């Protein structure tokens, strides 16, 4: 009889690992959060006196903060702003819209712009820090791919924020 | 026609503003003001502070910020107008805009549509008599940063501007920015403060709303480590008691209005709330040198400097290595210049001299240089007057203030031949010319 063979050992893979896209999206969302000015959204409760509101409403009923301030400063003496200034103040565009409108993406490659001026990717491979304590993150969580350094930090991570930061 | 000049450095974090008195041609120091460029709502004081009013704020907890700048560019004109109305009025600065010139700073690679709005505001809303707009680095050759006793000012300088929204590496040849070699890292003071808020909120106290307090903590406790790995080990062994840990006493609303770092041997009362700053002290500023720690796929500051210099003409590269200047709030971390030098040294050729110039006050350096420029004779030739603007519209400014757009006319407006400005200092001239340096003359440098 031929010698008994063991079944071929399976390679250990982490079948539940999140794929690279999910991780990239999570990193991007984290970076966008880091650009926020305030953690909470704008509070709806305003504590300015309402008696100023009526005089400073625009045609659509919105109250501009610059108008409100001018009312406080001058007490009503306000000259008419020009059309350009008025529309810049009324219609607030975010940076992505402004970049599209400026057309810098369509310029020939010889002209340096905001989009081309960003520094290149790092040459050396990146290291990560433990998300719990800040030491080197040598290991990654199996479920959510966040880094930790040792068993204690892993248990803290599992209890507090595994998979919550998606 | 000598008029007072309002120098308005419009930063994303702070506005630095002052008036240069034309008759004495010296900036009056007492008129110089620095205050946050934000509309701040305080729940404790139940008040909204616009810019300079913020000094009156007593309760600095739970402040809600509204910043006109988004990712480094001015997008919220409503908020900016509200802040500027208080600054540029007669009573605040003591001048009448109709008879004054204004000098405004803009971010690097400012978008053409935003630039038009700057021009519209200055001429149409505030009605200044003359106006000049440029980036902060362009003023630095007029300032004190690179001045060494006994030597002429360098022709080729490399400016590292580490600000609130991002960090730029800006090379200048003969006072003109070489735009094709400008590099940007999207890490700034705002990102560092928010990152610190997140770490502390996870590990100790929930400080996600306390931007002002955490900014204070960052500025008082954080430093740039010269050896990141060793410092990490020091903090690893005993997290609460080691050579690096500092205890920060948080402000409360009765005893101490401002937080402070606990001095060694200082007694702690029960009412004091303590924030332990261990490896956060140096791992926050480390992001400037390794943005990959945050998942941002951009190289660090030293690599950015090397990339920028590699894009410059070969014969001039060694002059740039020898004239690196640091400005901006984020360079004020202790140990910054030393760490940058130790990271740059292996990246430069081994026989190359690498010199880094630091400023005594990195936040005000660009402002002071702008003041020096405003006092100089050349300023009067560079401005756009109100008559020119009313005649030719925003194209007058677009053509006169040469910046990254170079010779092409981008943005709305008909294609316009370039106005011939033979005496305009900042025009880009395509001709060979010699560049004098401190040690030698390099001939035949072709400029774009």
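The values are calculated or read from the model by the stated rules, or taken from the named source; none is laboratory data. These numbers come from a predicted model, not from an experiment. For neighbour counting, all protein chains shown are included, and Cβ atoms are generated from backbone atoms with ideal geometry for every residue, glycine included.
Residues in segment B:318-339 that are surrounded by fewer than 16 Cβ atoms within 10 Å (Cβ to Cβ) and assigned to a helix (DSSP H, G or I): B:338 only.
Among the conditions (1) without any contact (Cβ under 8 Å) to a residue 24 or more places away in the chain; (2) at the interface with chain A (Cβ under 9 Å from one of its Cβ atoms); (3) touching a helix residue (DSSP H, G or I) at 6+ places or on another chain (Cβ under 7 Å), residue B:214 misses just one, which is (2). Scanning segment A:119-166 for residues being surrounded by 14 or more Cβ atoms within 10 Å (Cβ to Cβ) and at positive phi gives a total of 2.
Scanning segment A:24-36 finds no residues that are modelled with pLDDT under 80, more than 30 Å from residue B:126 (Cα to Cα) and in a loop (DSSP other than H, G, I, E, B). Within segment B:59-72, the residues that satisfy the criterion of being buried (at least 20 other Cβ atoms within 10 Å of the Cβ) and in contact with a helix residue (DSSP H, G or I) (Cβ under 6 Å, 6 or more places away or on another chain) are B:60, B:63, B:68. Scanning for something in contact (Cβ under 8 Å) with a residue 40 or more places away in the chain, part of a loop (DSSP other than H, G, I, E, B) and more than 15 Å from the chain's Cα centre (by Cα), does segment B:165-172 turn up at least one residue? No. In segment A:83-102, which residues are assigned to a loop (DSSP other than H, G, I, E, B) and more than 7 Å from chain B (Cβ to nearest Cβ)? If the condition is that a residue be assigned to a loop (DSSP other than H, G, I, E, B) and more than 7 Å from chain B (Cβ to nearest Cβ), then A:91 is the only one that fits. Is it the case that residue B:159 is more than 13 Å from chain A (Cβ to nearest Cβ) and out of contact with any strand residue (DSSP E or B) (no Cβ under 7 Å at 6 or more places or on another chain)? Taking the combined requirement at face value, the residue does not satisfy it.
Within segment B:187-216, restricting attention to residues that are assigned to a loop (DSSP other than H, G, I, E, B) and in contact with a strand residue (DSSP E or B) (Cβ under 7 Å, 6 or more places away or on another chain), the residue that is surrounded by the most Cβ atoms within 10 Å (Cβ to Cβ) is B:187. Mind checking which residues of segment B:46-92 are over 23 Å from residue A:91 (Cβ atoms), facing chain A (nearest Cβ under 10 Å) and free of Cβ contacts under 8 Å to residues at least 24 places away in the same chain? Correct list: B:46, B:47, B:89, B:91. Between B:332, B:360, the distinction of being away from chain A (no Cβ under 14 Å), closer than 30 Å to residue B:132 by Cβ, out of contact with any helix residue (DSSP H, G or I) (no Cβ under 6 Å at 6 or more places or on another chain) and touching a residue at least 40 places away in the same chain (Cβ under 8 Å) belongs to B:332 only. Scanning segment B:381-398 for residues that are part of a helix (DSSP H, G or I), out of contact with any strand residue (DSSP E or B) (no Cβ under 6 Å at 6 or more places or on another chain) and either free of Cβ contacts under 8 Å to residues at least 40 places away in the same chain or farther than 17 Å from residue B:104 by Cβ (or both) yields B:381, B:387, B:388, B:390, B:391, B:392, B:395.
For residue B:183, the conditions (1) over 30 Å from residue B:353 (Cβ atoms); (2) within 14 Å of chain A (Cβ to nearest Cβ); (3) buried (at least 24 other Cβ atoms within 10 Å of the Cβ) are fulfilled apart from (1). With respect to residue B:342, is the statement that it is assigned to a helix (DSSP H, G or I) and out of contact with any strand residue (DSSP E or B) (no Cβ under 7 Å at 6 or more places or on another chain) true? Spelling it out, residue B:342 is indeed assigned to a helix (DSSP H, G or I) and out of contact with any strand residue (DSSP E or B) (no Cβ under 7 Å at 6 or more places or on another chain).
Out of curiosity, is residue B:35 modelled with pLDDT of 85 or more, more than 8 Å from chain A (Cβ to nearest Cβ), surrounded by fewer than 21 Cβ atoms within 10 Å (Cβ to Cβ) and touching a helix residue (DSSP H, G or I) at 6+ places or on another chain (Cβ under 6 Å)? Considered against the rule, which asks whether it is modelled with pLDDT of 85 or more, more than 8 Å from chain A (Cβ to nearest Cβ), surrounded by fewer than 21 Cβ atoms within 10 Å (Cβ to Cβ) and touching a helix residue (DSSP H, G or I) at 6+ places or on another chain (Cβ under 6 Å), residue B:35 comes out as yes.
Here residue A:116 meets each of (1) out of contact with any helix residue (DSSP H, G or I) (no Cβ under 8 Å at 6 or more places or on another chain); (2) outside any loop (DSSP other than H, G, I, E, B); (3) surrounded by 15 or more Cβ atoms within 10 Å (Cβ to Cβ) with one exception, condition (2).
Taken together, the residues in segment B:217-230 that are within 11 Å of chain A (Cβ to nearest Cβ) and out of contact with any strand residue (DSSP E or B) (no Cβ under 9 Å at 6 or more places or on another chain) amount to 1.
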